[in-house]
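A.B. asks: One structure, pasted below without further comment.
The values are calculated or read from the model by the stated rules, or taken from the named source; none is laboratory data. Predicted model, so just to flag it, every value in this text is computed and none were measured. Positions of Cβ are generated from backbone atoms using ideal geometry, with glycine treated the same way; all protein chains shown enter the neighbour counts. To get the accessible areas, we keep the full protein, side chains included, count just its heavy atoms, and leave off ligands, DNA and RNA. Shrake-Rupley method; radii C 1.70, N 1.55, O 1.52, S 1.80 Å.
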Amino acid sequence: MVSADELQQLKDKKIISEAEFEMQKRRLAGKLLQKGDGKATRNGIIYIILAFFFGAIGIHNFYAKYWKRACIQMFLSVLSFYMLYIPLIFTSIWAMLELLFVNKSADGIFFGGNRRIIWLLRGLSVLILVWAFSSNTMIFQDEDWNLLTEI
């Protein structure tokens, strides 16, 4: 890979044209942004899978190095047993929103991985949740809810 200084020298020596220089400069900048200056990138596909299956306890945030968020989600999930599972519902919604909208790790580096697969997994997650909470597949049907309220 050619560095920015070498690219400038090629332009100054008239070895490459102005248009070629601009194109190579953009390509170089894109590669630097993608790599994050040598820092290891996190995979967005793994982040989404962890958020979907273990999001309520914050495992996906540990993976992306969002330590405070992860600890808060884990703490709320552990306490949810003592608070009628209301915090667990909150952390589940929180994890779903992160699954849909978080694109960077805590280092500020964009997640790696195939963008099409990432968007496919996000869409599939929404479809699964819509299907799970639709009126035909509710976890508690009317009879079950009546039994629960009688207790």
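A.B. asks: Report, by chain and number, residues whose modeled amide H sits under 5 Å from the one on residue 109, excluding near sequence neighbours (fewer than 5 apart, same chain).
C.D. replies: When sequence neighbours closer than 5 places are left aside, there are no close amide H contacts.
A.B. asks: Another question, then. Once you have the Cα-Cα distance between residue 90 and residue 68, take 0.36 nm times their residue separation minus that, and quote the gain in nm to one decimal.
C.D. replies: Separation in residues times 0.36 nm, less the Cα-Cα distance, equals 6.3 nm.
A.B. asks: If you stretched the chain out fully between residue 18 and residue 41, how much longer would it get, using 0.36 nm times the residue separation minus the C-alpha to C-alpha distance?
C.D. replies: Details: separation 23, 0.36 × 23 = 8.28 nm, distance 3.24 nm.
The residue 18-residue 41 span can extend by a further 5.0 nm.
A.B. asks: Could you state how much accessible area residue 94 has, in square angstrom rounded to the nearest 10, with a 1.4 Å probe and all protein chains kept in place?
C.D. replies: Solvent-accessible area, nearest 10 Å²: 60 Å².
A.B. asks: Follow-up question, since we're still on this one. Calculate, for residue 29 and residue 127, the FRET efficiency according to 1/(1 + (r/R0)^6) with r their C-beta to C-beta distance and R0 30 Å; round to the nearest 0.05.
C.D. replies: 0.25
A.B. asks: If one computes the Cα centroid of region 77-119 and of region 13-31, what distance in Å separates the two points?
C.D. replies: Measuring centre to centre over Cα atoms gives 39 Å.
A.B. asks: At 1.4 Å probe size, with the rest of the protein present, what percent of the exposed accessible area of region 47-120 is carbon and sulfur atoms?
C.D. replies: For region 47-120, the apolar C and S fraction of the accessible surface comes to 77 percent.
A.B. asks: Moving to a separate point now. Rounded, prolate or oblate for region 43-136? Axes are the square roots of the Cα gyration tensor eigenvalues, ordered a ≥ b ≥ c, and the cut-off for rounded is a/c under 1.5.
C.D. replies: oblate
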